[in-house]
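Enquirer: One structure is given below, represented as structure tokens, and several questions about it will come after.
The values are calculated or read from the model by the stated rules, or taken from the named source; none is laboratory data. Computed from a predicted model, the values in this text were never measured in an experiment. All Cβ positions, even for glycine, are placed from backbone atoms using ideal geometry, and neighbour counts span all protein chains on display.
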Amino acid sequence: MKTFILAACCLIGMSTSLQADRHDHVLPPSSTEHAAAGRPPRHDRMPTLSTHATERIIELAREVSFNDDRMRLLEAALLERHVTCAQCVRLMDKLADFDDERLDIVQLIGGRIADPENISIILDEFSFASNRDKARDMLRPRR
């Protein structure tokens, strides 16, 4: 319970710093715009996570003891944000020691890659070919 409360407090504190970054990025259209038009929201208009926000997420995630809580924090922080491949690699380097933890991060990021042409730098972070293949499948665009 303590870790859940800590994660919630971290998210509240982080939302303030993430709000400061919003003026630098394109804001996504509101869901009411899409509902009125009768079409689903376009995810390609999501803003990209800033460098400052990436570092703040890493700081907060390091304070969380358990990997499950860390993944929940990361998931909440990346909601409605795209991530560059370099940011994904940075998150994996700082928050994951093993390939399964790296795969968990890739799973969370999934279709939120802003620069899919650079996916190879993410795949190079995996020690085993089987894990690279799993990551490649997770990063494959969904239609």
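Enquirer: Anything in region 93-117 that is over 26 Å from Asp69 (Cβ atoms), within 16 Å of the chain's Cα centre (by Cα) and assigned to a helix (DSSP H, G or I)? List them, or say none.
Expert: Hit for region 93-117 is Pro116, nothing else.
Enquirer: Then there's this: Restricting attention to region 76-92, which residues are in a helix (DSSP H, G or I) and within 11 Å of Ile57 (Cβ to Cβ)?
Expert: Ala76, Ala77, Leu78, Gln87, Arg90, Leu91
Enquirer: Next question. Can you pull out the residues in region 54-75 that are in contact with a Lys or Arg (Cβ under 8 Å, 6 or more places away or on another chain) and not in a helix (DSSP H, G or I)?
Expert: If the condition is that a residue be in contact with a Lys or Arg (Cβ under 8 Å, 6 or more places away or on another chain) and not in a helix (DSSP H, G or I), then Val64 is the only one that fits.
Enquirer: May I ask you to verify whether Leu103 is at pLDDT 95 or above and either touching a strand residue (DSSP E or B) at 6+ places or on another chain (Cβ under 9 Å) or of a type in the set (Lys, Arg) (or both)? If you could, list the steps in order and put the result at the bottom.
Expert: Details: at pLDDT 95 or above: yes; either touching a strand residue (DSSP E or B) at 6+ places or on another chain (Cβ under 9 Å) or of a type in the set (Lys, Arg) (or both): no.
Considered against the rule, which asks whether it is at pLDDT 95 or above and either touching a strand residue (DSSP E or B) at 6+ places or on another chain (Cβ under 9 Å) or of a type in the set (Lys, Arg) (or both), Leu103 comes out as no.
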